[in-house]
Amino acid sequence: MALNPFFLQGSPGEQRLVQDLINEQLTIFGVEVTYIPRKFVRKQTIIEEIQSSKFDDNFLIEAYVNTYEGHSGAGDILTKFGMSLRDEVTLTISQERFDDFISPFLEAMPDDEIEVPSRPREGDLVYFPLGSRLFEVKFVEHEQPFYQLGKNYVYELKCELFEYEDEILDTSIDEIDQVLEETGYITTLNLLSLGRRATATAQLSDTTGYISQIFLNNDGSGYTSTPTVAISTSPQGSIYNASAVAITTNRAGVYSVERIVLTNAGSGYTVAPTINIIGGGGTGAAATCSIETTYRGIVSVTVTDNGVGYAGTTPSITVEHPGDRATASGTIGTGGTVTSLSITNPGIGYTLAPPVTVSNPPTRSGVISESTLYSAGSGYSLGQYTISPYSGVVGVGGSQAVIEITSINGSGGITGFTTTYGGHSYESNDYYRLNGGNNLGIIRIRTTTTGIGITATVDATISGGGVVDSLTITNPGSGYTVAPTITIDNSDSVKDTSRIRAIFETVVDSDTEVSSVRITNPGIGYTEVPTLTISAPPITVGVGTYYYNEVVRGLTSKTEARVKSWDKDTNILKVSIVGIGTTVSGFTPGEILVGTAYSVSAASTSPGYASYAIKSYDERDIYDTYDTNDEIEEEADNILDFTESNPFGNY
């Protein structure tokens, strides 16, 4: 039998009334929550599995808390994987409110991000302000109450406390985003904002009898740690003892001594000292040495400034050749030429005349290119004249210009002239007087240009004593505005071959600082302490700002990660999801870390990408208060010995 047509099972008007009453009750007794839809970022291409997702939109909506007495679920429990929070909450929201104010926005999004925009979806998030917690929707009940007046009016969201799994949360609401700022597997990058060159000084031996070279006669085998190098005592006293360290290498799983490097060459030895290689768990390594008994050398190096920023690099050290370097200075005259040279130090130990290098003249601006006669003056003769500003009209600045008078009248007035040398720093339309004559001869500079000079050349000669005794200008050059720098070669090719240049190597510690300098060769024939120059760190200035959720990329390792937080004061960058978009899972100390979002650096108002050098990279998560797996494993290792066949005992 059919239903009675005179009694409706819910008219549109009745359904509207029920929906309005429900909406009103929700606004009165509900809680304003934030609904955050899940967007799919990347899917697995074969079975369409979701590999990563993001939450970057938010919608306010009122919800009734069904579990008003408190969170349901299992609560806080301790599992074998650590503390687990199993709080649950059930929320009721208006179906109409969702359909009218949230669904239209979801439908406008790409299908590959939002697949079911017409209703709340499992996997979406709800921010519950009472307790500042994020809950994940686990089930959406849309048929309870069950078709009152033939229609459903609410969605019942059954939610569990959200467990972070490398999702991207960036709603632009700090209160929400900060919930996950310290959540997830977070690793630490210690960055460098300012590198600094290290410095060191050398110590010259008081006497001869220092170790000049160590010979590794047998590299040994079976070493499990670095052995100790013991050198016999100097006859001159213990403070003159030599010292050295062993460098081991791994060949096919077998450790042996690769080389031995001096940390102090000692002095006062009359015969080659004995070298013993002891400890380290291995055997067979043996070494001998030779000593220098004629000349003095560099016996030790002291690091005066450790510098910073040498991550991933080993800086080199340059040192002067034994024997003083010859030095000289020059003067310039009319026309910007080098007019004279003086030897400030003749040097020592030269066997060949050393090449001499003169610095290039600078590029000059304000060079006179065209000028006209303004006043002929009188009393001038043919020849060259300098000029100076003529304050009677206009004329300021400028330097070194040379004007040649080519013709004059009977009273010595100028009738023709040329510019022999255009000088520098002049301004167009200025007036200048020619220095000389009885009355002022004045020229007006019409135009100026840019000038490039000629580099001067110099030859040196040496005396029988191995010193530089003269310098000859073979080309005075032109265009010098200040006295040039004169550099006299001090390389091995022009020096006494019996004198050997010292060679050093640096040791960089985990703080990217130069911790020590070792002696590969102490050199032979030093009479004065040479200057040591340590190469600069690869990066000197870091710029820009990293932003929350920004992707950062290591230029060497190609590893990527997402920014959790950035502290410019300490240069600590916290990142998560290390290796996103790559097959690499670790950063390399020393590489440059570049952001992908534009920022404004502290030193400039122009936008750019943040860029810093990585000083160190800590793969551990030191921010998870419940992450004690390493500690548990260490304690377990103290109890159980898995090298035994049965660590749990026999029965």
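Derivation of every value follows stated rules applied to the coordinates shown; laboratory data play no part. Since the structure is predicted, the reported quantities are computational estimates derived from the model, not experimental observations. Note: ideal-geometry Cβ built from the backbone for every residue, glycine included; neighbour counts use all protein chains shown.
The slack between residue 370 and residue 411, meaning 0.36 nm per residue of separation minus the straight C-alpha distance, is 12.2 nm.
Select from region 471-569 those GluC sites (Glu not before Pro) which occupy a DSSP coil region and have at most 15 other Cβ atoms within 10 Å, ordered by residue number.
Sites meeting the loop and neighbour criteria: 528.
Between the C-alpha center of region 102-178 and that of region 378-438 there is a gap of 87 Å.
Residue 381 label point, 7 Å along Cα→Cβ, cut-off 17 Å on backbone N: hits in region 406-433? In region 406-433, the label zone of residue 381 (backbone N under 17 Å from the point 7 Å along Cα→Cβ) covers 406-415. For residue 533 and residue 100, what does the FRET efficiency come to when R0 = 60 Å and r is the distance between their Cβ atoms, rounded to the nearest 0.05? Efficiency at R0 = 60 Å is approximately 0.25.
Its Cα centre serving as origin, the chain has a Cβ charge dipole (Lys and Arg +1, Asp and Glu -1) of approximately 4480 debye. Relative to a virtual label point 7 Å from the Cα of residue 206 in the Cα→beta-carbon direction, which members of region 293-318 show backbone nitrogen distances below 15 Å? The answer is 297, 299-300, whose backbone nitrogens lie closer than 15 Å to the label point.
Hey, with R₀ at 60 Å, roughly what FRET efficiency would residue 165 and residue 24 work out to, going by the Cβ-Cβ distance, to 0.05?
E between residue 165 and residue 24, to the nearest 0.05, is 0.95.
Is region 12-180 best put as rounded, prolate or oblate by its Cα gyration tensor, with a ≥ b ≥ c the root eigenvalues, rounded for a/c under 1.5, and otherwise prolate when a/b is larger than b/c, oblate when not?
Because a/c hits 1.5 or more and a/b fails to exceed b/c, region 12-180 counts as oblate.
Spin-label pair residue 570-residue 249: with each label point 7 Å from Cα along the Cα-Cβ axis, the two points sit 4.1 nm from one another. Compared with the dominant Cα axis of the chain, that is its longest principal axis, helix 629-639 is turned about 90°.
Model label sites at residue 427 and residue 32, defined 7 Å from Cα along the beta-carbon direction, differ in position by 6.5 nm. For the chain, the square roots of the Cα gyration tensor eigenvalues, ordered a ≥ b ≥ c, give a/c of at least 1.5 with a/b no greater than b/c, which places it in the oblate category.
Think of the chain as a dipole: +1 on every Lys or Arg Cβ, -1 on every Asp or Glu Cβ, centred on the Cα centre; then among 575, 286, 73, 286 lies furthest on the positive end.
Taking label positions 7 Å along the Cα-Cβ direction at both residue 474 and residue 138, the computed distance is 8.9 nm, reported to one decimal. Considering only 178, 500, 461, and ranking their Cα positions along the charge dipole of the chain that arises from unit charges at the beta-carbon of Lys, Arg, Asp and Glu, the one farthest toward the positive end is 461. Taking a spot 7 Å from the Cα of residue 146 along the direction of its beta carbon, which residues of region 6-27 have an amide N less than 19 Å from it? Label zone hits: 9-10. For a test of the definition: using alpha carbon positions, the gyration tensor, and the 1.5 limit on a/c, classify region 311-410 as rounded, prolate or oblate. Since a/c reaches 1.5 and a/b is larger than b/c, the shape of region 311-410 is classed as prolate. Report summary: the helix-based calculation at 222 nm, which adds -39500 (n - 2.57) for every DSSP H run with n ≥ 4 and divides by the residues of the chain, gives -2000 deg cm²/dmol.
Using a Förster radius of 25 Å, what is the FRET efficiency between residue 221 and residue 276 based on their Cβ-Cβ separation? Nearest 0.05, please.
FRET efficiency, residue 221 to residue 276: 0.90.
Projecting the Cα atoms of 212, 253, 200 onto the dipole axis of region 156-289, where Lys and Arg carry +1 and Asp and Glu carry -1 at the beta carbon, places 212 farthest toward the positive end. Would you mind checking the tilt of helix 12-29 against the longest principal axis of the Cα atoms of the chain, expressed as 0 to 90 degrees and rounded to 10? Roughly 60 degrees, rounded to the nearest 10.
Note on the chain: lysine pairs with Cα distance below 20 Å, sequence gap of 8 or more or different chains, count 15.
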